[in-house]
1. May I ask you to derive the relative contact order of segment 86-192, considering only C-alpha pairs under 8 Å and at least 6 residues apart, and to give it as an integer percent?
2. Which whole-Hz couplings ³J(HN,Hα) result when phi for each residue of segment 77-83 is put into the Karplus expression 6.51 cos²θ - 1.76 cosθ + 1.60, θ = phi - 60°, listed in order with x for Gly and Pro?
3. Considering amide H positions built from the backbone, and no H for Pro or chain starts, which residues 5 or more places from Arg31, or on another chain, come under 5 Å of its amide H?
4. The chain: Rg/Rh from Cα coordinates, Kirkwood Rh?
5. Cut-off 10 angstrom, C-alpha nodes, Gaussian network model of the chain. Which of Val37, Val58, Val159 fluctuates the most?
6. I'd like the distance between the alpha-carbon centres of segment 146-206 and segment 12-80, rounded to an integer number of Å.
7. Ordered by residue, what ³J(HN,Hα) values in Hz, to whole numbers, does segment 31-37 give under the Karplus form 6.51 cos²θ - 1.76 cosθ + 1.60, where θ = phi - 60° and Gly and Pro are x?
8. Tell me which residues come under 5 Å, amide H to amide H, from Asp154 once H is placed; ignore anything under 5 positions away on its chain.
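Read-outs throughout are calculated quantities, based only on the coordinates presented, and are distinct from any laboratory measurement. Note that the structure is a prediction, hence the values are computed from the model and not measured. Quick reminder, even Gly has a Cβ in these numbers, built from the backbone with ideal geometry, and neighbours come from all protein chains shown.
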Amino acid sequence: MNNTLFLTPGSGNSFKPALVMRQTERRCAVRYLDVLVGENRQPEYLAVNPRGKLPFLVLADGRGIGESNAIAWWLAEGTALMPACAATRAQALQWMIFEQTSLEPAISPARFFTHIVPSQREAHAAEMPRWLDQGYRALAILDEHLAQRDYVTDHGYSVADVAVFGYTHLAGEGGFDLSRFPSVARWMRNVRRSPGYVEIDALLAP
Ligand SMILES: N[C@@H](CCC(=O)N[C@@H](CS)C(=O)NCC(=O)O)C(=O)O
């Protein structure tokens, strides 16, 4: 049995492991499920991942790994995207945790209800100011961090850049004005120039 990576189109979380795989020699079988029509809540997938979330990786030995950044980390292991030095690996983890606790929880829902299912934006209008406020505060922290550096960690382009880029580059679709963050904009150009980079819609195409 191969390693199998379950992804959903349009998702910044699914984009991360897919981009690591594209930019390295790591290969998995890929299966797409569409969360917008509930394919991830069907018994067949719940038997694979009882939480029903995507992305999800099933290893050849049957073990399952959830959380986009954990999957991206596993895929990056042993490749040029993984820092070798323990301190730099910790730096990568620091920013990947920041991504999941500060950036993603704000940018992802703002983008989801603005861009993916705009018909539901009105129903979530009361939450938008909180998402925008939290997202802008996180983007300001990232911008300050990137002011004097080309990449998130001292390693150069790494799995941490992929993880942080996942939703940052989609923030405009959530109503964020990224022109306020020149260092983030410069860094995003660096990521887009990395070998093998592919935009989300082309990368997550079933
Ligand atoms: N923290 C998780 C978030 C996973 C997540 O919520 N994925 C969304 C798609 S981006 C999903 O599966 N939504 C469908 C659902 O919850 O039913 C990660 O980074 O993988």
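1. Numbers: 117 pairs, mean separation 39.2, N = 107.
RCO, segment 86-192: 37 percent.
2. Computed from phi, the couplings for segment 77-83 are 3, x, 10, 5, 7, 9, x Hz.
3. Under 5 Å from the amide H of Arg31 lie the amide H atoms of Leu5, Phe6, Leu7, each far enough along the sequence or on another chain.
4. Details: Rg = 16.7 Å, Rh = 17.4 Å.
Radius of gyration relative to Kirkwood radius: 0.96.
5. Largest GNM mean-square fluctuation: Val37.
6. If you average the Cα positions of each part, the centres end up 20 Å apart.
7. So the J values, rounded to whole Hz, are 10, 9, 10, 9, 5, 5, 10.
8. none
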